Amino acid sequence: MGSRGGEGVTSGGFWAMGGYARYVWPCFALAISILAWNLWSARRYHEQALLRAERALIMAGSERA
Amino acid sequence: MWTWFYRLASPPFVYRVAARLTPWLLLFAAAMIVYGLIAGLVFAPPDYQQGDAFRIIYVHAPSAWLSLFAYMTMAVAGGIALIWRIKMGYAVAAAAAPIGASFTILALVTGSLWGKPMWGTYWAWDPRLTSELILLFLYFGVMSLRAAFEDAGRGDRAAALLALVGVVNVPIIHFSVQWWNSLHQGATVAKFAKPDMPGSMLWPLLAMLCGFMLFFGAVLCMRLRGEVLNRERLASWVRGAVKA
């Protein structure tokens, strides 16, 4: 365990990141945003593809009928 | 072994396998990333030179590695599709591109934010930074080229060709810090025999790397399912998939 181990996340020192907070926290915030965007967009892409496939199958069915 | 390989060319097989893999990949990715974040932010000691700013490595390095890995996935899948005419290769390449581009943006922005306190500037036309920026343009180029053709088949082939040509940039990015004078630091983890980091710093980084790779696998599977459906819209097996 490193020297930060005893400090705890509730102390101001942790959030200040030794004076580098304005560089460190935006990086982690952006990383989490990118992970979330990837999940959201992949899910949405699949759902839209499902919808398009459903519509195409209905159209193909009605054309045959 | 080869029958298994050939089954990967079957869209319904790929669609089913991707659906089964996704939750497991996501679960393990979440576990790794949560461990990496806690261990990297809370338990790893500050660097003796960079202080707490070094913690940016826990998102910067995995995203930079992933930007290269996603590109290689895209190029290899495109190459397989071009050489053996396996259409699933084009689907994998199309699914990997936006994921890779997003992680390249993350690598560039986090690198820039790390560069300001360490180098005194957000950006320098340094070999590593410039070649990584070219990688982002290659991703945009591949995606744009695929979308530019009315005939999807031609778009796929053109995009795969560009992705293959762009592979030349991958070793340039990797070795740029050795070939030229660079502000960017050299390898710290790649030297597995004797890494430049103590275990308390290294393990969270390796966990984040594994977590990002597993996350890439999960999102690739999700996107791939959409790609397969888009390409196989009128196939008979899709009826079952749509109802499920």
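Points to keep in mind about this one:
- Positive-end residue, the protein assembly as shown charge dipole about Cα centroid, Cβ charges, pick of B:18, B:121, B:162: B:18
- Note on chain B: helix-only mean residue ellipticity at 222 nm, from DSSP H runs of 4+ residues weighted -39500 (n - 2.57) and normalised by residue number, equals -26000 deg cm²/dmol.
- Peptide B:57-67 is shielded by partner chain Cβ atoms: per residue, an average of 2 of them sit within 10 Å of its Cβ.
- Candidate residues B:151, B:126: accessible-area rank, largest first, probe 1.4 Å: B:151, B:126
- Counts of other chain beta carbons within 10 angstrom of each beta carbon in peptide B:213-223 average 3.
- Residue B:196 accessible area, assembled protein chains, probe 1.4 Å, Å²: 100 Å²
- Calculated accessible area for the protein assembly as shown comes out at 51 Å² per residue, all protein chains present (probe 1.4 Å; ligands, DNA, RNA ignored).
- Think of each Lys and Arg Cβ as +1 and each Asp and Glu Cβ as -1; about the Cα centre, that makes the dipole of segment B:13-239 roughly 740 debye.
- For chain B, built as a Gaussian network whose Cα springs stay under 10 Å, the top-fluctuating residue of B:77, B:152, B:95: B:152
- Kyte-Doolittle mean at least -1.0, axial Cα span of 24 Å or more - DSSP H helices of chain B: B:11-38, B:57-84, B:87-119, B:127-148, B:199-231
- For chain B, with all protein chains in place and a probe radius of 1.4 Å, 69% of the accessible heavy-atom surface sits on carbon or sulfur.
- Exercise: per-residue mean of other protein chain Cβ atoms within 10 Å, B:45-53: 4
- Net charge of Cβ neighbours under 13 Å - reference residue A:43; Lys, Arg +1; Asp, Glu -1: +2
The values are calculated or read from the model by the stated rules, or taken from the named source; none is laboratory data. Note that this is a predicted model, so its numbers are computed, not measured. Every residue, glycine among them, receives a Cβ derived from its backbone with ideal geometry; neighbour counts consider all protein chains shown. Just so you know, the surface numbers come from the protein's heavy atoms only, side chains and all, with ligands and any DNA or RNA stripped out. Shrake-Rupley method; radii C 1.70, N 1.55, O 1.52, S 1.80 Å.
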